[in-house]
1. What nm distance separates the two modelled labels at Ser201 and Asn47, each placed 7 Å from Cα along Cα→Cβ?
2. With r defined as the distance between the Cβ atoms of Thr220 and Val40 and R0 fixed at 45 Å, what FRET efficiency is calculated, to the nearest 0.05?
3. If you plug each phi of the range 111-121 into the Karplus form 6.51 cos²θ - 1.76 cosθ + 1.60 with θ = phi - 60°, what whole-Hz ³J(HN,Hα) values come out, in order, with x for Gly and Pro?
4. Per residue of the range 199-204, what does 6.51 cos²θ - 1.76 cosθ + 1.60 with θ = phi - 60° give for ³J(HN,Hα)? Whole Hz please, x for Gly and Pro, Karplus curve as stated.
5. Hey, fewest Cβ within 10 Å first, where do Val217, Val79 land in order?
6. Relative contact order of the range 123-224: what whole-number percent is it, with Cα pairs under 8 angstrom and at least 6 residues apart?
7. Applying the Karplus parametrisation 6.51 cos²θ - 1.76 cosθ + 1.60 with θ = phi - 60° to the phi angles of the range 211-224, what ³J(HN,Hα) value in whole Hz is obtained for each residue in order, glycine and proline being reported as x?
8. Round to the nearest 0.05 the FRET efficiency obtained for Asn149 and Ser113 when R0 = 25 Å and r is the Cβ-Cβ distance.
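Every number here is computed from the coordinates shown, using simple stated rules; none is lab data. Bear in mind the structure is a predicted one, so any value in this text is a computation, not a measurement. Don't worry about glycine lacking a Cβ; one is built from the backbone with ideal geometry, like all the others, and counts go over all protein chains shown.
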Amino acid sequence: MKIIKLSLKQFESGILSIVIAIIALLFTSQTSAVVGTSSVGTIITVNINAMIAITSSSTVTLNLTPFGSGSQSWASDTVNIVTNDVTGYSATISMNSSNSLSNGNAYPIVATSGVAPTGASLTVSSSNPFSTWGFCVQTATNTNSTCPNVGAGATNQALSSTFKFSAVPTATPYVFASLGTNSTGANITDTIFYSVASSTSQPSGNGTSGTSYTGTVIYTGVAL
């Protein structure tokens, strides 16, 4: 057996090397714990709900002085529809329980027999009911030839066989504007004309000589 003899200096050098190696190992372990990283992601979700807003002129006034075998006036209402719904919208017109214009007397102005979208010419009579009224929808480019042009209200005209008006429905609202699936929603303006035709037998009612004849039309916008 070979005996290895180490000097004190060599022994001390060896012990020092071992100590240095242990310290280095500990330092490396501690450093790894300090510089280690961890990550986690969070998903941000935004839900934009569909909206629709519909506005109108609020009041449409028709002035009419009957003459001869009957006369007719018409005026328009501007209806604006704004929606962000990319699946589209529909807009309807209706009235509640009655579509006659009344001032409380026994001689209301009744709805025309015309049905949207074709309508019919307004008629008058010498017997009750003496007068009729109705509506039609005109496009921004005036492509509906059976409805007055946008901006072209008229008062005390002879009965028109050209323009066709429809009764405002009470049971099932009439869809006068709609849009299907799209990318941006819509901002649409439609013009709805109202017209009344009367014979000279219709009792006066203008707020001064009798109470005005009135009725409320309802526009409803629905985001699909």
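1. 6.1 nm
2. Working: r = 48 Å, r/R0 = 1.07.
In this case the efficiency is close to 0.40.
3. In residue order, the calculated couplings are 5, 4, 7, x, 10, 5, x, 6, x, 7, 5 Hz.
4. 8, 6, 7, 5, x, 5
5. Working: Val217 16, Val79 21.
The fewest-first ordering by Cβ neighbours comes to Val217, Val79.
6. Values: 107 pairs, mean separation 40.5, N = 102.
Here the relative contact order equals 40 percent.
7. 7, 4, 7, 9, x, 10, 8, 10, 9, 10, x, 10, 6, 7
8. Working: r = 24 Å, r/R0 = 0.98.
So the FRET efficiency works out to roughly 0.55.
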